[in-house]
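The values are calculated or read from the model by the stated rules, or taken from the named source; none is laboratory data. All values derive from a computational prediction rather than experimental measurement. Reconstructed Cβ throughout: ideal geometry from the backbone, glycine too, with neighbour counts over all protein chains shown.
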Amino acid sequence: MPGVTGDHYFSAEPGTAARPREVEFTAAGRDYTLTSAGGVFSADRLDPGTAVLLRKADLPAPDAAGPLLDLGCGFGPIACVLAGSAPAAIVWAVDVNERARALAAANAERVGAADRIRVAAPDDVPADVTFAQLWSNPPIRIGKEGLHELLLRWLPRLAPDGVAWLVVARHLGGDSLHRWLVERGWQVRRHASQKGYRVLRVTR
Ligand SMILES: C[S@@+](CC[C@H](N)C(=O)[O-])C[C@H]1O[C@@H](n2cnc3c(N)ncnc32)[C@H](O)[C@@H]1O
């Protein structure tokens, strides 16, 4: 997968040198310049799957109340765009990777949303928080079992009328994930398909 570096999926503290860098992209008509570093997912550019997700899915309305969840936030591009689209919403940015969390927190500050983007390790999200929206470019490379566990942990935390937006490359199992979610009782729509990526809209 382009941009994937080393141990970012598996370690809470990546061993690679940080080497900070900037990632520039445009989403929803707004320009973003975020800080990235070695040891996190797609450190050098906005991941093409994430770009498809942000282009094709329905970003939250300006009056969306949230809370919103960026599951597997990396350096935080999705969380920052969600915070920009929904300026009143709380956005949780969750990742196992400590460096990713530090970068996401720095980027929350950079986009002026440090007061609303709550960067956390998975176990640090209070159990009573439910999400109006869950957004994720999920960590496919942790394996099917790990991915299923991750989704079984977080999808049930959607509010009753909540919606999840997932992007998965077709060649990495986008269609089989779609089928698995349907088997588990979720309503799933293939909302868009572009450049080999599926954007799935998941509801109860
Ligand atoms: C495909 S990357 C997406 C990163 C970022 N959202 C982006 O679009 O650039 C998936 C992220 O999930 C994180 N991750 C892996 N296992 C996780 C878990 N169990 N809980 C939360 N995040 C996890 C990885 O550290 C990685 O940052």
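Note on region 41-83: residues that are more than 12 Å from the chain's Cα centre (by Cα), more than 6 Å from the ligand (Cβ to nearest atom) and under 17 Å from Ala102 (Cβ atoms) total 1. Residues in region 122-180 that are under 16 Å from Arg198 (Cα atoms), out of contact with any Leu (no Cβ under 8 Å at 6 or more places or on another chain) and within 11 Å of the ligand (Cβ to nearest atom): Ala169, Leu172. Screening region 93-103 for residues that are within 11 Å of the ligand (Cβ to nearest atom) and among the hydrophobic types (A, V, I, L, M, F, W, C) and picking the one that is surrounded by the fewest Cβ atoms within 10 Å (Cβ to Cβ) gives Val96.
Yes or no, residue by residue, for (1) under 25 Å from Val96 (Cβ atoms); (2) of a type outside the set (A, V, I, L, M); (3) modelled with pLDDT of 95 or more:
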| site | (1), (2), (3) |
| --- | --- |
| Pro138 | yes, yes, yes |
| Ile142 | yes, no, no |
| Leu147 | yes, no, yes |
| Leu150 | yes, no, yes |
| Ala159 | yes, no, yes |
| Val163 | yes, no, yes |
| Leu172 | yes, no, no |
| Val182 | no, no, yes |
| Arg189 | no, yes, yes |
